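Encoded as structure tokens, the structure appears first; notes follow it.
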Amino acid sequence: MSFIKTTEQSSKYEALEKMSVTNLLANINQEDQTVPIAVAKVLPQIEKLVDEITAKMKRGGRLFYIGAGTSGRLGIVDASECPPTFGVPFDLVNGIIAGGDKAIRRAVENAEDSTTQAWIDLQEHNINDKDVVIGIAASGTTPYVIAGIEKCNENGIATGCITCNVGSPLAQTAKFPIEVVVGPEFVTGSSRMKAGTAQKLVLNMISTATMIQLGKVKGNKMVDMQLSNDKLVDRGVKMIIGEIGVSYEEAAILLEKYGSVRKAVDFYNAIK
């Protein structure tokens, strides 16, 4: 299969600088609406990867995202939201970006071109064959990501990827590739736009579906969420009320005593 970077093809819109703000926003929005349709086409690919991650985590494994630039930042965002949302350890889902943590805010020159650093970064986490590593790269050609996935394959570590071009070197390297083809960007080559949105949607699906499979959601509630601020405490209290029908005051006391919605509800039901 010939490899064409559709993410780099010229925008179908011309003379953007001459457009009114109204037209700019309308056209960007029109392009954005195509992204969920592209994601829907690859649900079977996403399902295979989720099944693999879930199976590995049930045996004590972890999930790692590796990427550069926007892709790396999106992986870090998804990983960082898992502990507060699902009450899991901070090292269960990990985001690694080319150039290290300083690259989260500011680009690090040539970091994505290294063919050795990704494996070094993963080894700092004692990566092993219980884990899963997902390479994120809109182009599917980022050397940092491809080389990291190759080393994982060599060491018997399950690998996946999220890319926005069909037949890319990254997709051909990963064992569980996800190829979301969103086409040319509104601003030519600006893959932080539709490609970034597609990656974010897929990451949401992967982490959320995996955590539900691991029992971190009950009904449709985040019963293991961390109670890190007043808003979340209030939400937790209301969850308890909805589950066992006690007063707000009683629910607040249970939540404070047991530290999570799940534990509070389980205790109450055990004594009834």
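The values are calculated or read from the model by the stated rules, or taken from the named source; none is laboratory data. It should be emphasised that the depicted structure is a prediction, and the values quoted were computed from it without experimental measurement. FYI the Cβ positions are ideal-geometry reconstructions off the backbone, even for glycines, and counts take in every protein chain you see. Remember, those area values only see protein heavy atoms, side chains included, never the ligands or the DNA or RNA. Shrake-Rupley method; radii C 1.70, N 1.55, O 1.52, S 1.80 Å.
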Filter the stretch 140-170 for residues that are open to solvent by less than 20 Å² (accessible area, probe 1.4 Å), closer than 15 Å to Glu112 by Cβ and in contact with an Asp or Glu (Cβ under 7 Å, 6 or more places away or on another chain) and give the result.
-> Thr142, Tyr144, Thr163
Hey, any hits in the stretch 34-48 for a residue that's over 28 Å from Ile76 (Cβ atoms) and open to solvent by 40 Å² or more (accessible area, probe 1.4 Å)?
-> no
Could you grab me the full set of residues in the stretch 229-272 that are within 19 Å of Pro84 (Cα to Cα) and outside any helix (DSSP H, G or I)?
-> Asn229, Gly259, Ser260
Mind listing whichever residues of the stretch 6-22 are open to solvent by 80 Å² or more (accessible area, probe 1.4 Å) and either touching a Phe, Trp or Tyr at 6+ places or on another chain (Cβ under 8 Å) or assigned to a helix (DSSP H, G or I) (or both)?
-> Glu8, Glu17, Lys18, Val21, Thr22
Out of Phe64, Phe3, Phe90, which single residue is more than 25 Å from Ser168 (Cα to Cα), in contact with a helix residue (DSSP H, G or I) (Cβ under 9 Å, 6 or more places away or on another chain) and not in a helix (DSSP H, G or I)?
-> Phe90
Which numbered condition Phe90 misses (of (1) of a type outside the set (Asp, Glu); (2) in contact with a strand residue (DSSP E or B) (Cβ under 9 Å, 6 or more places away or on another chain); (3) without any contact (Cβ under 8 Å) to a residue 12 or more places away in the chain) | (2)
Residues of the stretch 168-202 classified as touching a Gly at 6+ places or on another chain (Cβ under 9 Å) and among the β-branched types (Val, Ile, Thr), total = 2
Restricted to the stretch 171-223, and to residues that are under 22 Å from Asp91 (Cβ atoms), surrounded by fewer than 18 Cβ atoms within 10 Å (Cβ to Cβ) and polar (S, T, N, Q), which residue is farthest from the chain's Cα centre (by Cα)?
-> Gln213
Which residue, of Ala103, Ala137, Ala118, is at pLDDT below 95 and either over 17 Å from the mean Cα position of the chain (by Cα) or not hydroxyl-bearing (Ser, Thr, Tyr) (or both)?
-> Ala103
Scanning the stretch 2-61 residue by residue, those touching a residue at least 12 places away in the same chain (Cβ under 8 Å) and of a type in the set (Val, Ile, Thr) turn out to be Ile4, Thr6, Thr7, Ile28, Thr34, Val35, Val39, Val42, Ile46, Val50, Ile53, Thr54
Meets criteria (closer than 28 Å to Thr7 by Cα, in a loop (DSSP other than H, G, I, E, B) and small (Gly, Ala, Ser)) for Gly99 | yes
For Leu49, are the conditions met, namely being part of a helix (DSSP H, G or I), more than 18 Å from Thr7 (Cβ to Cβ), of a type in the set (A, V, I, L, M) and under 14 Å from the mean Cα position of the chain (by Cα)?
-> yes
Restricting the stretch 93-128 to residues that are open to solvent by 30 Å² or more (accessible area, probe 1.4 Å) and of a type in the set (A, V, I, L, M, F, W, C), which is nearest to Lys221 (Cα to Cα)?
-> Ile104
